[in-house]
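Read-outs: derived from the displayed coordinates by stated rules, not from any lab. This structure is a prediction, so every number in the text was calculated from the model and none was measured. Here Cβ is always computed from backbone atoms with ideal geometry, including for glycine, and neighbour counts include all displayed protein chains.
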Amino acid sequence: MDADVLVRDYLGRLEAAAAVLPADRRAELTAEVREHINAALADAGQSDEATARNILERLGSPDEIVAAEARHGGLPVGPAVASAVEAPSTGSRWGAVEITAVVLLCLAWPARYLPFGLFLWLACTMIGLVLVWASSAWTTRRKLTATTCVIALYLLAILLTAPVTVQCTTGSQSQPCPPGGPSPVITGS
């Protein structure tokens, strides 16, 4: 998906959310946001998908923009925007779910070295990942990133703890390598 498609989709969702606003204000708000996006893309010096996603994410959701406009203008809002109007953003969208997820994922590795460590390690990780995916504050991209990092760490741990044996082969027999002897053959078991 390219940047133009992302911006058009975002502006379409903004127009739909702004249906609660008077027609002239809806058009003005959409034009202001479009102008802001174009200026941000120009300032970035590139208009690729990643840059567009970052700009749109910083703007917030279309519902949040319309809710802020409705609060500012004292306008009534429909049910789609009501929750955002009633609970204004405090700057941080982290709640108990997000904090608990991060704490559990951070505690998973040290828990490995406690009694019943393997069980605690797996439990903390699984519960942490479930909470990551239950979060409404994080984007799907961030959820996928967290999951990928956890899986990569698990795979790395498995690879680093796999037993390795070094043996020398002479003819058809394997034996420990003497110092200065033939080259060792490393095998995983």
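Compactness check for region 96-161: Cα Rg over 2.2 N^0.38 Å is 1.11.
Pop the C-beta distance of LEU107 and GLU57 into the FRET formula with R0 = 22 Å and round what comes out to the nearest 0.05.
Details: r = 28 Å, r/R0 = 1.29.
Approximately 0.20, to the nearest 0.05.
Each label was represented as a point 7 Å from its Cα along the Cα-to-Cβ direction; for CYS149 and VAL97 these points are 1.9 nm apart.
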